[in-house]
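To keep things clear, I will list the structure first and then write my remarks on it.
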Amino acid sequence: MKKHLIAGGAALIFIILLIISGYFIIDANRDKTPDNIDIQEEIPESDSVNETDEESDEETDEETGYVLSQEQSGHDDTNVYDSFASDENDENDDNEEDEDDSEANDQIDSEPEFTKVAYLTFDDGPTREVTPGILDLLSEEGITATFFVISRIDVEDIYKRIIDEGHEIGNHSFSHNFRRLYSSGIDAFITDTLRMHDFLYETFGYTAKSYRFPGGSMSWRSNTISDRNEVLEELGYKHFDWHVDSGDANSSLPDHSAERLTNNVLNNVNDRDHVIILMHDYKWRQTTLDALPAIIAGLREMGYRFDVIENYPG
Ligand SMILES: [Zn+2]
């Protein structure tokens, strides 16, 4: 009887084992259903395989008998892959862009750092003969400058062009008349200054903020200048002389060739962090314009960028 029980128990255990192993076999097959097949194994790697995929879209599922729609047929999976692939491509693109960026940065790093600033200033214009050429060049170079203008007739369009192209207009007096400005009392100076100020504001809506004394402040007695500077400050002006004279208005020079003017500037910059350069857009001084490309190139080589004078620090 005991033997029968043992044999029966062994048979029961055997049967249980059979059932369990059968379950595992079924379960293992279940793992091989198409849903669980690794997406990437079925992923087409080329367009020609995509055609196969499209064909399968129309295949009938043998098990269910349903015609698989594109969405059901695993096309989604393909889309997943496609999007993965495009992500990967995007990533590659990103990497390429990153590389491009780093190359660009390297290029920037290898160029001189433009920590120094040059302020090109043109006095006594505008003139139809020279100022437009200067503006053309500044535009080509992508830089801005300051024009200390006086009152000139029939050049309204050029004042306007200076403003429209992002340059600064400074007040250089209405008359440029030394006697009126410096020997006729402070009222004459105020009247002259306001006349130019109002002309710019009323004609172009432009408020000038920078002033340059005709002849330069150093040419006149210090108390004459200090009185006038007080007036300028009350009117909201800041006055600027210059560090480097191109010499284009210097009558004592033996010549005013473009080469001489260029050398006058580049040889006297002296590596200042902020350097103000004096030039003129006189109608009879074409060589100022002729010298300008070499002056700009030379300053760039020295590590200068360019700005308008109202941004001069201090
Ligand atoms: Zn002047």
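Some observations on this one:
- For the stretch 103-134, taking the residues that are more than 16 Å from the ligand (Cβ to nearest atom) and among the β-branched types (Val, Ile, Thr), the one that is modelled with the highest pLDDT is identified as VAL117.
- Selection of the stretch 281-311 for residues being touching a residue at least 24 places away in the same chain (Cβ under 8 Å) and hydrophobic (A, V, I, L, M, F, W, C) yields TRP284, LEU289, ALA291, LEU292, ALA294, ILE295, ILE296, LEU299, MET302, PHE306, VAL308, ILE309.
One line per residue, one yes/no per condition, for (1) assigned by TED's automatic domain parsing to the domain that holds ILE158; (2) outside any helix (DSSP H, G or I); (3) within 23 Å of GLY125 (Cβ to Cβ):
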| site | (1), (2), (3) |
| --- | --- |
| VAL231 | yes, no, no |
| GLY247 | yes, yes, yes |
| LEU261 | yes, no, yes |
| ASN264 | yes, no, yes |
| TRP284 | yes, yes, yes |
| LEU292 | yes, no, yes |
| ILE296 | yes, no, yes |
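- Among the residues here, TYR182 does not qualify as within 16 Å of the ligand (Cβ to nearest atom) and in contact with a Gly (Cβ under 7 Å, 6 or more places away or on another chain).
- If only residues of the stretch 203-212 that are of a type outside the set (D, E, K, R) and under 16 Å from PHE240 (Cβ atoms) are counted, the one that is nearest to the ligand (Cβ to nearest atom) is TYR211.
- Residue that is nearest to ARG285 (Cα to Cα), among those in the stretch 213-246 that are of a type outside the set (A, V, I, L, M, F, W, C), touching a Leu at 6+ places or on another chain (Cβ under 9 Å) and within 14 Å of the ligand (Cβ to nearest atom): SER246
- Selected residue (criterion: surrounded by the fewest Cβ atoms within 10 Å (Cβ to Cβ)) from residues of the stretch 298-314 that are in a helix (DSSP H, G or I) and not hydrophobic (A, V, I, L, M, F, W, C): GLU301
- Condition met for ILE295 (buried (at least 21 other Cβ atoms within 10 Å of the Cβ) and either among the acidic types (Asp, Glu) or more than 16 Å from the ligand (Cβ to nearest atom) (or both)): yes
- Residue in the stretch 158-176 that is under 30 Å from the mean Cα position of the chain (by Cα), within 12 Å of the ligand (Cβ to nearest atom), in the same structural domain as TRP242 (by TED's automatic domain parsing) and of a type outside the set (S, T, N, Q) present: yes
- Failed condition for LEU200, given (1) within 15 Å of the ligand (Cβ to nearest atom); (2) within 17 Å of SER151 (Cβ to Cβ): (1)
- Test: ASP255 is more than 16 Å from the ligand (Cβ to nearest atom), surrounded by fewer than 16 Cβ atoms within 10 Å (Cβ to Cβ), on the phi > 0 side of the Ramachandran plot and not in a helix (DSSP H, G or I): no
- Residue selected from the stretch 210-228 under the condition surrounded by 17 or more Cβ atoms within 10 Å (Cβ to Cβ) and touching a strand residue (DSSP E or B) at 6+ places or on another chain (Cβ under 9 Å), by the criterion farthest from MET279 (Cα to Cα): ARG228
The values are calculated or read from the model by the stated rules, or taken from the named source; none is laboratory data. The shown structure was predicted, so the numbers you read here are calculated from the model rather than taken from an experiment. Note that each Cβ is placed from the backbone with ideal geometry, even for glycine, and that neighbours are counted across all protein chains shown.
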